[in-house]
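The values are calculated or read from the model by the stated rules, or taken from the named source; none is laboratory data. Quick caveat, the model's predicted, so the values are computed rather than measured. When we count neighbours, we look across all protein chains shown, and the Cβ atoms used for this are built from the backbone with ideal geometry, even at glycine. For the accessible areas, the whole protein counts, side chains as well, though only heavy atoms, and no ligand, DNA or RNA atoms are used. Shrake-Rupley method; radii C 1.70, N 1.55, O 1.52, S 1.80 Å.
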Amino acid sequence: MRYESDKQPSRFGPPGYAPRVIDQGSVWIMVAAPTLWALHFVASYVVAAVWCARIGPSLTEPRWIIAGMAVVCVALIVWLATQAVRRYGGVFVIFEEITESSERGRDKFIGHVSLLLCILSGVAIAFTVIPGFVFGSC
Amino acid sequence: MRNLTLLTVPLLAGCAGRHNWLSSAGAEADRVEGLFWVLLIGAAVIWSAVIGAAVYAQRRQVDPGLEHQARWFIVWGGAVIPTVLVCALLIWGLVILRDITPDKGDLTVRVDGERWWWRVTYDGPDGDVVTANEIRLPLDQTALFRLTSDDVIHSFWVPAIGGKMDMIPGRETTLALTPNKTGNWGGLCAEYCGGAHALMRFDTVVMEPDAFDAWLAAEAAPARVAPDDPGFAVFRDEGCGACHTIRGTDARGPVGPDLTHVGARARLGAGIYAMTADNMARWITDTHAMKPDADMPPYPDLSGARLEALVTFLLSLDHAE
């Protein structure tokens, strides 16, 4: 199997070259998905709190706002997961230990961790949305 | 073995009695108890399976041919199944929480948490019925509790019947209780609220609906106080009416518990002492020895005939026959 990270150079290029934030060689992909979850979590609290304090007492409308934000965040997380697979060579289940001290080995590890964090963040966002659909009022 | 038996005695003692949520004297407690048993048995099964798998793996020769299946076993057993189970438990718990916090009930009781007692107000057929530190409920009817607090966060809990729910200053929280066994069940504050937190208790008396209606009507009636009652004269002279209300008299103090029918309650001091003349006399003269930090000031100078008259008067504030 050929990985994007097999291409050289990946991180350093000619003068003026600026690597993308989410690309092989960069670690930011690992925190991106949990950050989306955190943003969704905070935004959900703000939406529910403002709605209940100013408009309330029904949660019918804010639950759909929270669900809409969840759809956007999950879509971004799915995109991140595809990047983790395509750009980093991440796989869900590792059948062979990553012992190689190389850029490719590190990318593969980052891709694997990112993929797991994407799944975890998606589940966490679902857990944030569920209470809004169980409770009908503030 | 004998020592182990001795150790379990106090633990088992906690499983009986009026504060035990496994006594299941209410529909809401039944729901929580069901969840508890599923969690307990489910956790025991999962724990046994995990430990069993670990022991099996320790004793077995490593077989590289099974590495692939082992990885998938970890993925399913360690990630997929726990996620599904936690999600199911989350939804189940949320549905229980939704059901025990409804908007409507067969009757409404407002409870205000004070340091360290309970102001209780029933929505009676002829208006508010104010009492304190004792809650009576009709059997098999859903009482909707509207819970508030004026000072710090308290938590309203009648373990045997259901609950619990925080009482938050500036907010109103709701809780439903549907008792399904008659009896006297203990209630308490479940959120540390200061010095006498552990002494902030109340009785919850579950009655047949007819008996409850009769009790509520009696509780709604004003007190029967003779104008020349010597105990009431002491009550007035000492300024007790500045803090306490006795409906039917000019005592309208809103600070302390309503005393209109204090003699009809089983306990004093917010569910902690039997309602006896000795306890009442001590409560008046040495309040803080019985309940440290209570807002009520003690009246150590009251003694003899005046104290006796006051105690007799307070205990006479019973329901009309």
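Scan region B:91-117 residue by residue and report those that are away from every other protein chain (no Cβ under 12 Å) and among the aromatic types (Phe, Trp, Tyr).
B:116, B:117
Spot the failing condition for residue B:256; the list is (1) touching a helix residue (DSSP H, G or I) at 6+ places or on another chain (Cβ under 9 Å); (2) not in a loop (DSSP other than H, G, I, E, B), and only one is missed.
Checking residue B:256 against (1) touching a helix residue (DSSP H, G or I) at 6+ places or on another chain (Cβ under 9 Å); (2) not in a loop (DSSP other than H, G, I, E, B), the one that fails is (2).
Based on what the data block shows, is residue A:29 open to solvent by less than 30 Å² (accessible area, probe 1.4 Å), of a type in the set (Val, Ile, Thr) and within 14 Å of another protein chain (Cβ to nearest Cβ)? Walk me through how you get there before you give the answer.
Working: open to solvent by less than 30 Å² (accessible area, probe 1.4 Å): yes; of a type in the set (Val, Ile, Thr): yes; within 14 Å of another protein chain (Cβ to nearest Cβ): no.
The answer is no for residue A:29.
A quick yes/no check of all residues on (1) within 14 Å of chain B (Cβ to nearest Cβ); (2) small (Gly, Ala, Ser); (3) buried (at least 21 other Cβ atoms within 10 Å of the Cβ); (4) touching a residue at least 12 places away in the same chain (Cβ under 8 Å):
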residue	(1), (2), (3), (4)
A:36	no, no, yes, yes
A:49	yes, yes, no, no
A:53	yes, yes, no, no
A:63	yes, no, yes, yes
A:66	no, no, yes, yes
A:78	no, no, no, yes
A:86	no, no, no, yes
A:89	no, yes, yes, yes
A:133	yes, no, no, yes
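Counting only residues that are aliphatic (A, V, I, L, M), free of Cβ contacts under 8 Å to residues at least 40 places away in the same chain and surrounded by 14 or more Cβ atoms within 10 Å (Cβ to Cβ), which one in region B:71-90 is farthest from the other protein chains (Cβ to nearest Cβ)?
Filtering first and then ranking leaves B:79.
Residue B:92 - would you say it is hydrophobic (A, V, I, L, M, F, W, C), in a strand (DSSP E or B) and either more than 18 Å from the chain's Cα centre (by Cα) or under 18 Å from residue B:189 (Cα atoms) (or both)? Before you say what the answer is, go through the steps one by one.
On the way: hydrophobic (A, V, I, L, M, F, W, C): yes; in a strand (DSSP E or B): no; either more than 18 Å from the chain's Cα centre (by Cα) or under 18 Å from residue B:189 (Cα atoms) (or both): yes.
So residue B:92 fails the test.
For region B:141-167, give me each residue that is closer than 16 Å to residue B:99 by Cα and not in a strand (DSSP E or B).
B:141, B:142, B:161
Take residue A:121 and tell me if it is of a type in the set (Gly, Ala, Ser) and out of contact with any Phe, Trp or Tyr (no Cβ under 8 Å at 6 or more places or on another chain). Give the derivation first.
On the way: of a type in the set (Gly, Ala, Ser): yes; out of contact with any Phe, Trp or Tyr (no Cβ under 8 Å at 6 or more places or on another chain): no.
Against the criterion (of a type in the set (Gly, Ala, Ser) and out of contact with any Phe, Trp or Tyr (no Cβ under 8 Å at 6 or more places or on another chain)), residue A:121 does not qualify.
Return the residue satisfying two criteria in turn: it lies in region A:95-131 and is part of a loop (DSSP other than H, G, I, E, B) and open to solvent by 30 Å² or more (accessible area, probe 1.4 Å), and of such residues it is nearest to the other protein chains (Cβ to nearest Cβ).
In the first step, residues of region A:95-131 are kept if they are part of a loop (DSSP other than H, G, I, E, B); the result is A:95-102.
Those still in the list that are open to solvent by 30 Å² or more (accessible area, probe 1.4 Å) too: A:95-101.
Working: A:95: 6, A:96: 9, A:97: 11, A:98: 14, A:99: 16, A:100: 19, A:101: 23 Å.
Checked region A:95-131; the qualifying residue nearest to the other protein chains (Cβ to nearest Cβ) is A:95.
Since residue B:55 meets every condition but one in (1) touching a residue at least 40 places away in the same chain (Cβ under 8 Å); (2) away from every other protein chain (no Cβ under 14 Å); (3) not in a strand (DSSP E or B), which condition does it not meet?
Residue B:55 satisfies all of (1) touching a residue at least 40 places away in the same chain (Cβ under 8 Å); (2) away from every other protein chain (no Cβ under 14 Å); (3) not in a strand (DSSP E or B) except (1).
Residue-wise test of (1) touching a residue at least 24 places away in the same chain (Cβ under 8 Å); (2) open to solvent by less than 30 Å² (accessible area, probe 1.4 Å); (3) in the same structural domain as residue B:115 (by TED's automatic domain parsing); (4) of a type in the set (Val, Ile, Thr).
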{"position": "B:219", "(1), (2), (3), (4)": "yes, yes, no, no"}
{"position": "B:249", "(1), (2), (3), (4)": "yes, yes, no, yes"}
{"position": "B:256", "(1), (2), (3), (4)": "yes, yes, no, no"}
{"position": "B:299", "(1), (2), (3), (4)": "yes, no, no, no"}
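For region B:7-14, state whether one or more residues are part of a loop (DSSP other than H, G, I, E, B) and modelled with pLDDT under 85. Let's see the steps before the verdict.
To start, the set of residues in region B:7-14 that are part of a loop (DSSP other than H, G, I, E, B) comprises B:14.
Filter again for modelled with pLDDT under 85, leaving B:14.
Scanning region B:7-14, I find at least one residue that is part of a loop (DSSP other than H, G, I, E, B) and modelled with pLDDT under 85, so the answer is yes.
Considering region B:281-296 alone, what residues qualify as being within 16 Å of residue B:257 (Cα to Cα) and open to solvent by less than 70 Å² (accessible area, probe 1.4 Å)?
B:283, B:284, B:287, B:291, B:294, B:296 - these are the residues of region B:281-296 that are within 16 Å of residue B:257 (Cα to Cα) and open to solvent by less than 70 Å² (accessible area, probe 1.4 Å).
Identify the residue in region B:115-133 that is in a strand (DSSP E or B) and open to solvent by 10 Å² or more (accessible area, probe 1.4 Å) and, among all such residues, is nearest to residue B:274 (Cα to Cα). Even if it seems obvious, please write down each step before you answer.
From region B:115-133, those in a strand (DSSP E or B) are B:117-124, B:127-132; that's our starting set.
Now restrict to residues that are open to solvent by 10 Å² or more (accessible area, probe 1.4 Å): B:117, B:119, B:121, B:123-124, B:127-128, B:130.
Values: B:117: 15, B:119: 19, B:121: 22, B:123: 28, B:124: 27, B:127: 30, B:128: 27, B:130: 21 Å.
The selected residue is B:117.
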